[in-house]
Amino acid sequence: QSAQYGSCSLRRMSVMEALELLDQLVDESDPDVDFPNSFHAFQTAEGIRRAHPDKDWFHLVGLLHDLGKVLVLFGEPQ
């Protein structure tokens, strides 16, 4: 897996581009959600920021935690 994804040769994108791509898929683990998947990422980061204002690394983790799901758009299973 490291050889396949470690080089970032599949596609290069910014975090914002990846967050926008999340909105193109339906998450199998939560298919009935009526708002974009990117909203969940921002909502999670904001919730963590409120609960842990001094842990900026944790806010970032909340934002990024679902970005791997964009791989489904490149043929990977969910």
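At a glance:
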read-out: Candidate set: the range 61-78, residues that are of a type in the set (A, V, I, L, M, F, W, C) and open to solvent by less than 50 Å² (accessible area, probe 1.4 Å); chosen: the one nearest to R11 (Cα to Cα); value: V70
read-out: Pick from the range 23-48, criterion touching a residue at least 12 places away in the same chain (Cβ under 8 Å) and open to solvent by 100 Å² or more (accessible area, probe 1.4 Å), ranking: nearest to P77 (Cα to Cα); value: E28
read-out: Filter result (in contact with a His (Cβ under 8 Å, 6 or more places away or on another chain) and among the charged types (D, E, K, R)) within the range 56-70; value: D66
read-out: Subset tally (residues that are under 26 Å from R11 (Cβ atoms) and more than 14 Å from the chain's Cα centre (by Cα)) for the range 31-48; value: 3
read-out: Among (1) among the hydrophobic types (A, V, I, L, M, F, W, C); (2) at pLDDT below 80; (3) open to solvent by 90 Å² or more (accessible area, probe 1.4 Å); (4) out of contact with any Phe, Trp or Tyr (no Cβ under 7 Å at 6 or more places or on another chain), the one test that M16 misses; value: (2)
read-out: Tally, over the range 50-61, of residues that are touching a helix residue (DSSP H, G or I) at 6+ places or on another chain (Cβ under 6 Å) and free of Cβ contacts under 8 Å to residues at least 12 places away in the same chain; value: 2
read-out: Enumeration of residues in the range 49-60 that are loosely packed, with under 13 Cβ neighbours inside 10 Å and either under 15 Å from the mean Cα position of the chain (by Cα) or of a type outside the set (D, E, K, R) (or both); value: A51, P53, W57
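The values are calculated or read from the model by the stated rules, or taken from the named source; none is laboratory data. For clarity, every value in this text was computed on a predicted model and none was experimentally measured. Here Cβ is always computed from backbone atoms with ideal geometry, including for glycine, and neighbour counts include all displayed protein chains. The area values use the complete protein model at the heavy-atom level, side chains included, leaving out ligands, DNA and RNA. Shrake-Rupley method; radii C 1.70, N 1.55, O 1.52, S 1.80 Å.
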